[in-house]
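The values are calculated or read from the model by the stated rules, or taken from the named source; none is laboratory data. Everything quoted here is computed from the prediction, not taken from an experiment. Note: ideal-geometry Cβ built from the backbone for every residue, glycine included; neighbour counts use all protein chains shown. Surface accessibility is based on the protein's heavy atoms, side chains included, excluding ligands, DNA and RNA. Shrake-Rupley method; radii C 1.70, N 1.55, O 1.52, S 1.80 Å.
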Amino acid sequence: MPNPVFEIEHLQSGGLITNYYCTSRCAHCLYACSPNWPKYYLDPEVARKNMLKIMELGCSSIHIGGGEPFLNPEGLKAIVETAVSLGMAIEYVETNSSWYKDMGGACTLLESLREKGLTCLLVSISPFHNEHIPLWKVKGVMEACGKVGIRAFPWIPEFCEEIEALGDSGTHKLSEFEEKYGPGYLKGLPSRYWIHWGGRAIKTYAEIFGSKPFEEVLREGGGRCLQLLDVSHFHLDLFGNYVPGLCSGLAIEREDLGTPISTEKYPHLSILFQAGVRGLYELASNKYEFKPSESYMSACHLCLEIRKHLVLNKDVNSPDLQPIEFYGQL
């Protein structure tokens, strides 16, 4: 059987990342967003090029997320306008509701976005978000959506009652949810709420689920990492980078999509694709003095720690280990 070629030939479903800067530093955040990121935002011309590439590869609709897209309302309006001008459908824009202050201001902003072409707002609701954003803001945004004719898509509404029982006027630590609902509450969240095992979620859940011996994890990571080919929920970011397999901190430049990936330009991705985490570990231990811990949650956890070592401890700056700031925000 011939070796598979590392190439992103088509795109199925996904979206744009407008910014990594965020009001919150959620414990499950795949992209390690936080208030400490530089306040970069997706430029309309980069958005246009991203959308054209997405359409070229067979996908005709996107969502828009962050970070927090509403931290730059004028920038968000420009991106919505760009999508409409290209005939690219916007499924929804994501928000954590941190920007909400009062009903009048929220309605004015949302109405201006509706006029540009926005029809649906995904409103994030979870214990992770509630550590930073009180529920009254979330309720306000959803009510404002109703007033101006934008569909509110709460994700996920099942958490509202649980958060409300703790109080909607303030924020609550994850430990408060454990105290209220029992010691297994956080452990049960991944069965109720989509969490991708990358970014901060790995560290958070390694402490909850526990870890496995390094040698066992290394064995699990000995085959090709075909997850890198997954296009079922893709992202392109504000720097024009495609995130392969939702593996945050890994990147393929937009213009390299649709052609076989260069092993010279993308050495770490190529190793992962051909030899898995074991191959990346051999490179890091032989060339970059990586010393593994005794245990890891998974092969993805080991991969992330290796890449973090390369970037932060060895100053490796490669096109496939981007954005660099991600590793310092974990």
- Message: Go through segment 114-144 and report how many residues are closer than 20 Å to S61 by Cβ and among the hydrophobic types (A, V, I, L, M, F, W, C).
- Response: 5
- Task: Determine, yes or no, whether K116 is open to solvent by 60 Å² or more (accessible area, probe 1.4 Å) and touching a helix residue (DSSP H, G or I) at 6+ places or on another chain (Cβ under 7 Å).
- Result: yes
- Task: Could you pull out the residue among L312, L280, L304 that is hydrophobic (A, V, I, L, M, F, W, C), surrounded by fewer than 20 Cβ atoms within 10 Å (Cβ to Cβ), modelled with pLDDT of 95 or more and assigned to a helix (DSSP H, G or I)?
- Result: L312
- Matching residues, segment 84-113, being of a type in the set (A, V, I, L, M) and either crowded, with 18+ Cβ neighbours inside 10 Å or not in a strand (DSSP E or B) (or both): V84, L86, M88, I90, V93, M103, A106, L109, L110, L113
- Message: Quick check on segment 25-33. Is at least one of its residues under 30 Å from V84 (Cβ atoms) and not in a loop (DSSP other than H, G, I, E, B)?
- Response: no
- Task: Evaluate segment 251-258: report whether one residue or more is open to solvent by 10 Å² or more (accessible area, probe 1.4 Å) and not charged (D, E, K, R).
- Result: yes
- Message: Checking the conditions here, which among F159, F153 is hydrophobic (A, V, I, L, M, F, W, C), under 23 Å from the mean Cα position of the chain (by Cα), open to solvent by 10 Å² or more (accessible area, probe 1.4 Å) and under 30 Å from K180 (Cα atoms)?
- Response: F153
- Take the residues of segment 296-330 that are under 20 Å from the mean Cα position of the chain (by Cα) and β-branched (V, I, T): which is farthest from K265 (Cα to Cα)? I306
- Within segment 168-192, restricting to residues that are closer than 19 Å to K101 by Cα and over 23 Å from the mean Cα position of the chain (by Cα), the one that is surrounded by the most Cβ atoms within 10 Å (Cβ to Cβ) is D168
- Note: among G276, G223, just one is over 24 Å from K49 (Cα atoms) and touching a Cys at 6+ places or on another chain (Cβ under 7 Å), namely G276
- Query: Restricting attention to segment 56-83, which residues are hydroxyl-bearing (S, T, Y) and not in a loop (DSSP other than H, G, I, E, B)?
  - Reply: S61, T82
- Sort out which residues of segment 51-60 are of a type in the set (G, A, S) and in contact (Cβ under 8 Å) with a residue 40 or more places away in the chain, and write them in order of number. G58
- By residue number, the members of segment 114-141 that are in a helix (DSSP H, G or I) and either in contact (Cβ under 8 Å) with a residue 60 or more places away in the chain or closer than 29 Å to S175 by Cα (or both) are P127, F128, H129, N130, L135, W136, K137, V138, K139, G140, V141
- Kindly indicate which of A165, A144 is among the small types (G, A, S), on the phi < 0 side of the Ramachandran plot, in a helix (DSSP H, G or I) and surrounded by 20 or more Cβ atoms within 10 Å (Cβ to Cβ). A144
- Query: Quick check, is Q322 open to solvent by 10 Å² or more (accessible area, probe 1.4 Å), in a helix (DSSP H, G or I) and closer than 30 Å to L52 by Cα?
  - Reply: no
- Query: Checking L11 against (1) hydrophobic (A, V, I, L, M, F, W, C); (2) more than 26 Å from Y266 (Cα to Cα); (3) open to solvent by less than 10 Å² (accessible area, probe 1.4 Å), which test does it fail?
  - Reply: (2)
